[in-house]
Amino acid sequence: MGEERKFTAVKGVKDILPDAVAVWREVERRAREQFALFGFREIVLPIFEKSGVFIKAVGEGTDIVQKEMYTFEDQGGESITLRPEGTASCVRAYIEHSMFHPPGNLTKLFYLGPMFRRERPQAGRYRQFFQIGAELFGAAEPAADADIIHLLHLFLGSIGVKSPKLLLNSLGDDKCRGPFKEALVEFLAKNRGHLCENCRERYEKNPLRVFDCKVEKCVELMKTAPTLDKHYCPECSAHFSKVRELLGRLGVPYELNPRMVRGLDYYNRTVFEVTAEGLGSQNSIAGGGRYDDLVKNSGGPAVPATGFAVGMERLVESIGAPLATDHGRPDVFVVYMNEAEEAACGLSAELRVGGVSVERLYKPTGFKNQFGKADKSGARYALIIGGDELAKKTAVIKDLSTGAQVETPFGSVAEFFKNGGGARPPAKP
Ligand code: HAM
């Protein structure tokens, strides 16, 4: 094969073009606003980590670790992985920077950024995708689960997600999961012939993972499998009841789904996912839950935690009505004749220095064409310098939405736009 000359993006990876970026930034702005109301502060985490960070936290039996991680050995022989998710990194940073001091301290962090999973690409499923995540460390109480779900609920509401549905479950803890796993292994052993090859291999070690298998025959079989809700210990049962009671009081609707186990191993007790309408099979826009043992299992003290992550691409797809965004519209479009080049250049510079955004052509075309471009740009004003104006050293400022215009000496143009332009529309002619 000849050398590739015209490259395209890697499969499953996409460019986010300027119009979409405007929407993304607006979503992020609203996320930041909501997170601040709940006391969350932003942390910027590395895009790659030592592979062990994810293998240990996400779990060796998961699809993410078994099949989907972008892992490579760097020049120093160290195994590095592009992060498939943010929780493991956040826990690593939480421990590394001793954020658990003083004991009993609540730490609330959020992060934004790209994640990488080598999944089979399809609509809504990418190999590089963006997440907005929040993690709350230091609270074992059901009120923390309810708060984190309430935060997610308010955030999704603030951007107008179409019919979000919150699915809720509790995975219990080690105490109640033991007897349940025994019952489940027994069921799976009896139905071994109905399992896919992968599940046949892993079910004895990690039977809960079979609930997460997407292979049709496993999905069918698991519809009749025993569920954990019959096995909760009194503490887990009380915790889950309280979470549900609080969600009711907060006005957060939910649906119980006793078969939801999530695709990562670190969870215990409360887990949840949010689905939205109109996304096809990849309809999960957010997921999260409690992970009380992860900090300890990652070498830190025993600090309980809970959190969630939202998938940006799916989230944006699920927005019902268009978000009001700033599409980079200029305040002013300069329409000028060739001879007025110097004045156009000087006035553009003066306005920009004064904080007014200006667009103009570097090689002016006919006025009709320039006005067409001014309209298309969405500019509020045209600053017109024709032959008459140039002779008088004036410019016409035209409000493109009303058609009103005034003629102003060059020296007063900046003054007119002093407050960023648009604050004082010119009087009607
Ligand atoms: P997750 O369910 O694996 O959880 O991912 C969260 C969200 O990221 C999903 O609901 C989905 O919207 C999006 N997502 C995941 N994979 C893809 C993909 N291949 N393409 C597009 N979007 C995707 C986590 O990552 C946990 N760290 C969440 C968490 C935080 N749990 C506790 N704290």
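If you take the residues in the stretch 26-48 that are assigned to a loop (DSSP other than H, G, I, E, B) and on the phi < 0 side of the Ramachandran plot, which one is surrounded by the fewest Cβ atoms within 10 Å (Cβ to Cβ)? Talk me through it step by step, then tell me what you get.
First, pick out the residues of the stretch 26-48 that are assigned to a loop (DSSP other than H, G, I, E, B): 38-40, 43-47.
Pick out the ones that are also on the phi < 0 side of the Ramachandran plot and you get 38, 40, 43-47.
Values: Phe38: 16, Phe40: 22, Ile43: 20, Val44: 9, Leu45: 17, Pro46: 12, Ile47: 12.
Applying the filter and picking the extreme gives Val44.
Yes or no, residue by residue, for (1) small (Gly, Ala, Ser); (2) open to solvent by 10 Å² or more (accessible area, probe 1.4 Å); (3) near the ligand (Cβ under 10 Å from one of its atoms); (4) in contact with an Asp or Glu (Cβ under 9 Å, 6 or more places away or on another chain):
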residue: Leu246; (1), (2), (3), (4): no, yes, no, yes
residue: Pro253; (1), (2), (3), (4): no, yes, no, no
residue: Leu256; (1), (2), (3), (4): no, yes, no, yes
residue: Tyr266; (1), (2), (3), (4): no, yes, yes, yes
residue: Arg269; (1), (2), (3), (4): no, yes, no, yes
residue: Phe272; (1), (2), (3), (4): no, no, yes, yes
residue: Ser281; (1), (2), (3), (4): yes, yes, no, no
residue: Ala286; (1), (2), (3), (4): yes, no, yes, yes
residue: Asp292; (1), (2), (3), (4): no, yes, no, yes
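All of Ala139, Ala183, Ala225, Ala189 fail the test of being part of a loop (DSSP other than H, G, I, E, B) and more than 33 Å from the chain's Cα centre (by Cα), apart from Ala225.
Of all residues in the stretch 386-397, those that are open to solvent by less than 20 Å² (accessible area, probe 1.4 Å) have Cβ atoms under 7 Å from Cβ atoms of residues that are part of a helix (DSSP H, G or I) and modelled with pLDDT under 95, 6 or more apart or on another chain, in Ile397/Phe416.
Per this entry, Phe371 is not counted among residues that are surrounded by 12 or more Cβ atoms within 10 Å (Cβ to Cβ), among the hydrophobic types (A, V, I, L, M, F, W, C) and at pLDDT below 95.
Could you list, ordered by first residue, the pairs with Cβ atoms under 6 Å in which the first is in the stretch 79-105 and under 13 Å from Leu136 (Cβ atoms) and the second is acidic (Asp, Glu), at least 6 apart or interchain? The qualifying pairs are Cys90/Glu135.
Report yes if some residue within the stretch 95-103 is within 14 Å of the ligand (Cβ to nearest atom), open to solvent by less than 50 Å² (accessible area, probe 1.4 Å) and modelled with pLDDT of 95 or more; otherwise report no. Before the answer, list the steps.
Restricting attention to the stretch 95-103, the residues satisfying the condition of being within 14 Å of the ligand (Cβ to nearest atom) are none.
Checked against the condition, which is being within 14 Å of the ligand (Cβ to nearest atom), open to solvent by less than 50 Å² (accessible area, probe 1.4 Å) and modelled with pLDDT of 95 or more, the stretch 95-103 yields no hits at all.
Here Cys218 qualifies as assigned to a helix (DSSP H, G or I), under 31 Å from the mean Cα position of the chain (by Cα) and farther than 12 Å from Val261 by Cβ. Being of a type in the set (A, V, I, L, M, F, W, C), outside the structural domain of Leu106 (by TED's automatic domain parsing) and open to solvent by 60 Å² or more (accessible area, probe 1.4 Å) is the requirement here; does Val215 meet it? Here the answer is yes, as Val215 does meet what is asked.
When you check Glu204 against the structure, is it open to solvent by 90 Å² or more (accessible area, probe 1.4 Å) and at pLDDT 95 or above, yes or no? Show your work before the answer.
Working: open to solvent by 90 Å² or more (accessible area, probe 1.4 Å): yes; at pLDDT 95 or above: no.
Judged against the criteria, Glu204 is not a match.
Among the residues making up the stretch 233-244, a single one is open to solvent by less than 50 Å² (accessible area, probe 1.4 Å), of a type in the set (A, V, I, L, M, F, W, C) and farther than 12 Å from Asn169 by Cβ: Cys233.
Per the conditions (1) free of Cβ contacts under 8 Å to residues at least 60 places away in the same chain; (2) within 22 Å of Ala140 (Cβ to Cβ), the sole criterion not satisfied by Ala225 is (2). Here is the figure for the stretch 1-41: residues that are under 30 Å from Glu73 (Cα atoms) and either in contact with a Ser or Thr (Cβ under 8 Å, 6 or more places away or on another chain) or within 16 Å of the ligand (Cβ to nearest atom) (or both) total 8.
Does any residue of the stretch 6-19 turn out to be crowded, with 18+ Cβ neighbours inside 10 Å and out of contact with any Lys or Arg (no Cβ under 6 Å at 6 or more places or on another chain)?
No, there is no match, as no residue in the stretch 6-19 is crowded, with 18+ Cβ neighbours inside 10 Å and out of contact with any Lys or Arg (no Cβ under 6 Å at 6 or more places or on another chain).
Pairing each residue of the stretch 302-320 that is within 8 Å of the ligand (Cβ to nearest atom) and open to solvent by 10 Å² or more (accessible area, probe 1.4 Å) with any residue that is at pLDDT 95 or above and aliphatic (A, V, I, L, M), provided the two are 6+ apart or on different chains, yields C-beta distances under 6 Å for Gly311/Ile285; Arg314/Ile285. Gly52 fulfils the conditions (1) in a helix (DSSP H, G or I); (2) within 15 Å of the ligand (Cβ to nearest atom) except for a single criterion, (2).
The values are calculated or read from the model by the stated rules, or taken from the named source; none is laboratory data. Since the model is a prediction, treat every value here as computed from it, not as a measurement. Because the Cβ atoms are built from the backbone with ideal geometry, glycine has one as well, and the counts that use them run over all protein chains shown. Quick note on the areas: whole protein, heavy atoms, side chains included, nothing else; ligands and nucleic acids left out. Shrake-Rupley method; radii C 1.70, N 1.55, O 1.52, S 1.80 Å.
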